[in-house]
Amino acid sequence: MAKKRTSKTRTKSNVPTFTKMKGKRITPNQKLILHLNEALAIENAAVQRLQSRIKQTRIENVRQRLQVHLEETKGQQDRLKQLISDLGNGQKNASTKDKAQLPIPTPPKSLTNMFGRMMTDAESELSAVKEDAIVENAEIILYDMLTHLAERMNATNAIDILLQSLSEERSMADWIKTNMPDMVAQLWPEIEASIATVEGE
Ligand SMILES: [Fe+2]
């Protein structure tokens with residue numbers, strides 16, 4: 001039987017453990033382009049998500065902040081494309097147009113069905129805000145790690161550009177956290193109205 005080519009095994013906790021080196025030897029620029037494209041695919045998906053959130057949200061200051069962040073995100077896309085093009089010596093097709101799957105948790109079907117029947121629109125809005133926060137925090141991790149990788153690869157030009165995006169993601173995530181009490185306060189009357197009062201509770 002042919003020997004299975006595998007470079008990682010899984011532990012009981014399902015975390016991959018690398019047992020031998022994987023990955024072709026490529027230049028630092030090629031390597032960095034791969035990582036930058038991963039970030040670009042996330043931003044490509046983020047732009048689409050922000051556009052639909054702007055249309056959908058019913059909280060005016062959320063809409064305004066998302067609009068600001070949409071413009072920032074387009075800037076992040078442009079800077080990533082520029083970096084990729086510079087590292088790839090102006091190669092036109094080096095930047096991905098693909099969209100990554102955003103890291104949004106999916107509840108189990110049993111709960112989704114119940115949510116569909118019992119959640120108010122106000123709670124759906126809160127769910128979307130929760131997803132906004134998860135995406136922004138994931139982007140913080142992404143740019144933070146990319147900055148450290150760029151440092152290791154001596155890609156000095158990339159570092160400040162990545163730090164700018166990191167700071168925009170942090171400020172967006174902070175804004176959501178700071179405004180969370182107000183958002184819940186605005187939506188609470190509708191949620192409260194949907195709660196049945198039970199005698200003796
Ligand atoms: Fe973002």
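What the table below lists for this structure:
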item: Residue within segment 113-125 that is hydrophobic (A, V, I, L, M, F, W, C), part of a loop (DSSP other than H, G, I, E, B), surrounded by 15 or more Cβ atoms within 10 Å (Cβ to Cβ) and touching a residue at least 60 places away in the same chain (Cβ under 8 Å) present; result: no
item: Matching residues in segment 83-108 - criterion: being touching a helix residue (DSSP H, G or I) at 6+ places or on another chain (Cβ under 9 Å), in a helix (DSSP H, G or I) and more than 14 Å from His35 (Cα to Cα); result: Asp86, Lys92
item: Residues within segment 138-169 that are out of contact with any helix residue (DSSP H, G or I) (no Cβ under 6 Å at 6 or more places or on another chain), within 12 Å of the ligand (Cβ to nearest atom) and not polar (S, T, N, Q), tallied; result: 2
item: Subset of segment 22-62 (residues that are within 16 Å of the ligand (Cβ to nearest atom), among the charged types (D, E, K, R) and over 21 Å from Asn157 (Cα atoms)); result: Arg49, Arg53
item: Unmet requirement for Asn154, which otherwise passes all of (1) in contact with a Pro (Cβ under 8 Å, 6 or more places away or on another chain); (2) modelled with pLDDT under 95; (3) in a helix (DSSP H, G or I); result: (3)
item: Identity of the residue in segment 129-169, touching a residue at least 60 places away in the same chain (Cβ under 8 Å) and surrounded by fewer than 16 Cβ atoms within 10 Å (Cβ to Cβ), that ends up farthest from Thr57 (Cα to Cα); result: Asn154
item: Selection within segment 64-121 - more than 17 Å from Ser165 (Cα to Cα), within 16 Å of the ligand (Cβ to nearest atom) and not small (Gly, Ala, Ser); result: Gln64, Lys99, Gln101, Leu102, Pro103, Ile104
item: Which listed residue, of Val68, Val135, is in contact with a helix residue (DSSP H, G or I) (Cβ under 9 Å, 6 or more places away or on another chain), within 18 Å of Ala41 (Cβ to Cβ) and not basic (Lys, Arg); result: Val135
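The values are calculated or read from the model by the stated rules, or taken from the named source; none is laboratory data. If you're wondering where the values come from, they're calculated on a predicted model, not measured in any experiment. Don't worry about glycine lacking a Cβ; one is built from the backbone with ideal geometry, like all the others, and counts go over all protein chains shown.
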